[in-house]
1. Taking other Cβ within 10 Å of each residue's Cβ, how do M293, M7 sort, fewest first?
2. Could you pull out the pairs from K288/K333; K103/K192; K176/K282 whose alpha carbons sit more than 21 Å apart here?
3. May I ask you to compute the full-extension gain from L263 to L178, defined as 0.36 nm times their residue separation minus their alpha-carbon distance, rounded to one decimal in nm?
4. Of A22, M1, I198, which is farthest along the charge dipole of the chain in the positive direction, counting Lys and Arg as +1 and Asp and Glu as -1 at C-beta?
5. Find which of A58, P128, T104 sits farthest along the positive direction of the dipole of the range 43-134, computed with +1 on the beta-carbon of Lys and Arg, -1 on that of Asp and Glu, about the Cα centre.
6. Of the options F166, L42, P208, report the single residue whose Cα projects farthest towards the positive end of the charge dipole of the chain (beta-carbon charges: Lys, Arg +1; Asp, Glu -1).
7. Based on DSSP H assignment, which helices of the chain show an axial Cα extent of at least 30 Å together with a mean Kyte-Doolittle hydropathy greater than or equal to -1.0?
8. Run a plain Debye calculation on the chain (Cα atoms as equal point scatterers, no solvent) and give log10 I(q)/I(0) at q = 0.08, 0.10 Å⁻¹, rounded to two decimals, same order as the q list.
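What follows is calculated from the coordinates using simple rules that are stated; it is not laboratory data. Quick caveat, the model's predicted, so the values are computed rather than measured. Every residue, glycine among them, receives a Cβ derived from its backbone with ideal geometry; neighbour counts consider all protein chains shown.
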Amino acid sequence: MTVYWFMMAWVILFGILAQVSARRVCVGEYLGEDIYEPRVHLFVAVVTFAVIIFFAGARTHVADTTTYINIFNEYPLFQNAHDIIFDSSAREPGFRLFSILIKTYISDNYTVWLSIIALISGICVMFPLYKYSCNFGVSAFLFMASCQFTWMFNGMRQFLVAAIIFSCTGLILKNKTLLYIIIVCILSTIHKSAFILIPMYFIAQGEPWNKRTMLFIGCIVLAMLFTSKFTNLLTDVVEQTDYASSVNEFKSTDDGTSPIRILVESVPIILAFIYRNKIKDKLTPIIKLSINMSLIASGLYIISKIASSGILLGRLPIYFSMYNLILLPWLLKNIFEDREKDLIYYIMILCYFGFFYYQMVITWGGMGYSSQLLNLEI
């Protein structure tokens with residue numbers, strides 16, 4: 001845990017520095033007056049995430065990393081890779097092509113490969129927070145404390161897709177539907193679960209609590225009422241798709257979503273619902289989108305708990321839950337009065353520290369870190 005505590009301390013320190021040195025910019029209008037929010041300097045934002053990117057790239061034996069390294073080492077060079085790249089029976093052709101190109105034209109060292117993936121993932125998470133979060137320091141802390149950062153150490157292929165699509169938030173806000181769908185289709189060659197982003201794109205559009213989102217909530221309720229039938233139907237559907245070949249993989253690496261995780265990830269949407277009347281006139285486009293994305297994430301977490309067959313569902317919410325990193329700081333800023341905010345922030349920090357300890361130490365046993373490059377075995 002030493003590495004992860006160091007990462008946490010680094011993110012907190014530079015997150016505070018980022019917020020202290022932030023400049024105020026106009027982000028919209030409320031009741032005829034311009035709304036100003038702090039936005040951090042890009043360099044400090046990059047430094048804040050640099051520690052996560054560095055340790056993610058330098059790792060050797062962390063969770064599923066060994067499997068990925070073995071796969072990378074077995075890839076041939078591009079000149080001899082035709083059969084590997086175009087093997088119709090294998091998954092993720094885009095990921096194979098991307099990896100083979102790195103091995104051929106950049107380096108055959110797996111650390112370089114892992115570092116490139118970590119750099120892309122980290123920057124793609126950092127940039128929307130830098131651009132849209134009203135409190136980058138809190139958002140960076142939440143990324144660590146909610147344990148979303150662990151995706152860069154375990155499950156990196158799916159997180160690479162999730163991070164890239166998160167960086168495309170501007171396309172959703174600008175209604176660039178065709179371009180968004182094209183990007184999703186390309187990313188689906190890295191991880192096929194990306195296809196879920198297409199229908200969810202239309203659910204996430206528009207005002208919070210609109211007919212589409214309420215229909216989504218209705219589907220969740222029905223799934224809860226007809227648990228066994230829903231689970232059997234879901235299993236039948238999944239087994240007839242490309243996910244069938246990954247069922248065993250997910251059964252061995254994901255034992256379902258815990259109620260504590262569901263509660264933690266649902267806090268922002270619960271607050272947004274309770275105080276919906278208070279914030280309805282303050283909503284900016286990014287916050288409207290974040291509320292809808294948060295609702296989708298919570299709904300998928302609940303469904304993954306209902307369908308406790310371990311068929312990948314517990315991993316789908318990562319495509320949407322990163323919007324909580326933008327939403328929660330905004331809610332704390334706009335819901336509570338100044339005299340209440342300090343107490344609320346203290347409570348939030350303590351609760352997330354508690355969750356971080358619970359998830360990392362109790363549930364995952366410390367998620368040991370190993371790096372041949374750094375000569376570390378912790």
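1. Numbers: M293 27, M7 18.
Neighbour counts put them in this order, fewest first: M7, M293.
2. Details: K288/K333 15 Å; K103/K192 23 Å; K176/K282 24 Å.
The pairs that break the limit, which is 21 Å between Cα atoms, are K103/K192; K176/K282.
3. 27.1 nm
4. Farthest along the dipole direction, towards plus: A22.
5. Result: P128.
6. Ranked along the dipole, the leading option is P208.
7. Passing helices, by number: 110-132, 285-306.
8. Here the Debye-derived log intensity ratios amount to -0.41, -0.65.
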